[in-house]
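Structure, as structure tokens:
The values are calculated or read from the model by the stated rules, or taken from the named source; none is laboratory data. This structure is a prediction, so every number in the text was calculated from the model and none was measured. FYI the Cβ positions are ideal-geometry reconstructions off the backbone, even for glycines, and counts take in every protein chain you see. Heavy atoms of the whole protein, side chains included, go into the accessibility calculation; ligands, DNA and RNA do not. Shrake-Rupley method; radii C 1.70, N 1.55, O 1.52, S 1.80 Å.
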Amino acid sequence: QVQLVESGGGSVQPGGSLRLSCAARGDVFSINTMGWYRQAPGKQRELVVSVTGGGTTTYADSVKGRFTISKDNIKNTGYLQMSSLKPEDTAAYYCNAGCYTLDGRYLEVWGQGTLVTVSS
């Protein structure tokens, strides 16, 4: 079994920064792909950024230049660094990863979500 454990959410003023973490736990061998999604109240869940196993990264236009995805392959942990935060960034953020398990399976796993609130 593999679980993604998210952390790092919280409340911040406009212009502030936060770093979200997404740690793969359990029978994980490695993380291949990773993506971050967010869902604001009354809105559809949207892709924030994704990275392929080959390293190709795609950001939503709304976060380009402000958000950065990264991954530590030794720790099997992904990160989303968020800077210059805006009120419209307020949402529940979910990480998603394609993971190789110790017994040779490939699983797509979702984190539990972490809330980011940007307000003055």
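Here are some residues: G35, G53, G98. Which one is farther than 27 Å from V118 by Cβ, in contact (Cβ under 8 Å) with a residue 24 or more places away in the chain and in a strand (DSSP E or B)? Even if it seems obvious, please write down each step before you answer.
Numbers: G35 fails: farther than 27 Å from V118 by Cβ; G53 fails: in a strand (DSSP E or B).
Unique residue meeting the criteria: G98.
Of all residues in the range 38-50, those satisfying the criterion of being in a strand (DSSP E or B), touching a residue at least 24 places away in the same chain (Cβ under 8 Å) and under 14 Å from A91 (Cα atoms) are R38, Q39, V48.
Tell me whether the range 62-74 contains one or more residues that are closer than 18 Å to V2 by Cβ, part of a loop (DSSP other than H, G, I, E, B) and basic (K, R).
Within the range 62-74 (the criterion being closer than 18 Å to V2 by Cβ, part of a loop (DSSP other than H, G, I, E, B) and basic (K, R)), the answer is no, since none of the residues qualifies.
Taking the range 78-95 as the range and being open to solvent by 10 Å² or more (accessible area, probe 1.4 Å) and not in a strand (DSSP E or B) as the test, the residues that pass are S83, S84, K86, P87, E88, T90. Can you name the residue in the range 1-25 that is surrounded by 15 or more Cβ atoms within 10 Å (Cβ to Cβ) and free of Cβ contacts under 8 Å to residues at least 60 places away in the same chain and is also farthest from the chain's Cα centre (by Cα) among such residues? Filtering first and then ranking leaves A23. The C-beta contact set for the range 58-70 (first residue touching a residue at least 24 places away in the same chain (Cβ under 8 Å) and among the small types (G, A, S), second residue surrounded by fewer than 18 Cβ atoms within 10 Å (Cβ to Cβ) and assigned to a helix (DSSP H, G or I), distance under 9 angstrom, 6+ apart or interchain) comprises S62/E88.
Among the hydrophobic types (A, V, I, L, M, F, W, C) and out of contact with any strand residue (DSSP E or B) (no Cβ under 6 Å at 6 or more places or on another chain): does that describe I69? Answer is no for this residue.
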